[in-house]
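The values are calculated or read from the model by the stated rules, or taken from the named source; none is laboratory data. All figures in this text were calculated on a predicted structure; none of them were measured in a lab. Remember, those area values only see protein heavy atoms, side chains included, never the ligands or the DNA or RNA. Shrake-Rupley method; radii C 1.70, N 1.55, O 1.52, S 1.80 Å.
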Amino acid sequence: MKMSCAKGLRVLVISMLLLVVGCKATNSLQDGSGDNETTTSSSATENSSEEQEQTSESQTQEDGEHTHEEDDHDHSHVHDEETEQIYAGYFEDSQVEDRPLSDWEGDWQSVYPYLEDGTLDEVFAHKEEEGDKTAEEYKEYYDEGYQTDVDRIVIEGDTVTFFEDGKENSGEYVYDGYEILTYDAGNRGVRYIFTLAEEAEELPQYIQFSDHSIYPTEADHYHLYWGVDREALLEEVTNWPTYYPSEMGGHDIAHEMMAH
């Protein structure tokens, strides 16, 4: 009987020990699961924060670029308006600057042959739509303005070469300042003047450029006056031989004229 009680007591103690160990193991597993959930939640919060920061930075950058583009557009618009005003002959004396001969460097052709062969007729028809003359009246006006026997001019460095009636004559020209002219219509223009460095009978003593620009810039076309009398040339407003790059075709020149 004593042995049976003792045996029963041992069984009870072992059962209690097993129960305690099982509870600890269960608690341990539960604690570990909680740690994993906390870590995952923290990581998600950090990722969400980083994404928000990146989105904010991206939006800020886009807003900055948008503002910069608007500023560029506004500046370009103002610049275009100013350029158009200058081209039309409206500017302040303070805006006018000296210009080097290199502004007109290149190989240039007279537009007069294109007037004679009818290529520029579309230009005069276009002017009729916007102006106060007929196409034929415009053609007569420009016939007087463009008329010249100098069908080509090449400018390289300080040297200007005139091509006339199959002959070419070259001379060195030096800068002689500019003159601001006021026309009857109320608008103005600037003549940039160059003088022949060494007198030569076959070359003009003075050449005067007018291309609607008033400060250093590469010319895309120009009107040229030349002769032996500087002051008399400034009075010339009816004949203004006009030159465009020699590589341009007649129709390209016509379309360029109509764009202005």
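Quick notes on this structure:
- For the range 66-219, fraction of C-alpha pairs farther apart than 22 Å, in %: 57 percent
- Cα centroid of the range 129-186 to Cα centroid of the range 193-260, whole Å: 4 Å
- Computed with a 1.4 Å probe over protein heavy atoms only, the accessible surface of the range 76-116 comes to 57 Å² per residue.
- For the set S94, S110, S170, S213, the ranking by accessible area, highest first and with no ligand, DNA or RNA atoms included, is S94, S170, S213, S110 under a 1.4 Å probe.
- Area of E231 that stays accessible when all protein chains are in place (1.4 Å probe, Å², to 10): 110 Å²
- The Cα-based radius of gyration of the range 126-211, divided by its Kirkwood radius, gives an Rg/Rh of 1.07.
- Under the criterion of Cα pairs below 8 Å and six or more residues apart, the relative contact order for the range 110-194 equals 17 percent.
- Solvent exposure of H221, expressed as accessible area, is near 10 Å², computed with a probe of 1.4 Å over the protein chains only.
- Calculated SAXS-style log₁₀ I(q)/I(0) at q = 0.23, 0.24 Å⁻¹ - the range 101-167, Debye, Cα scatterers: -0.91, -0.95
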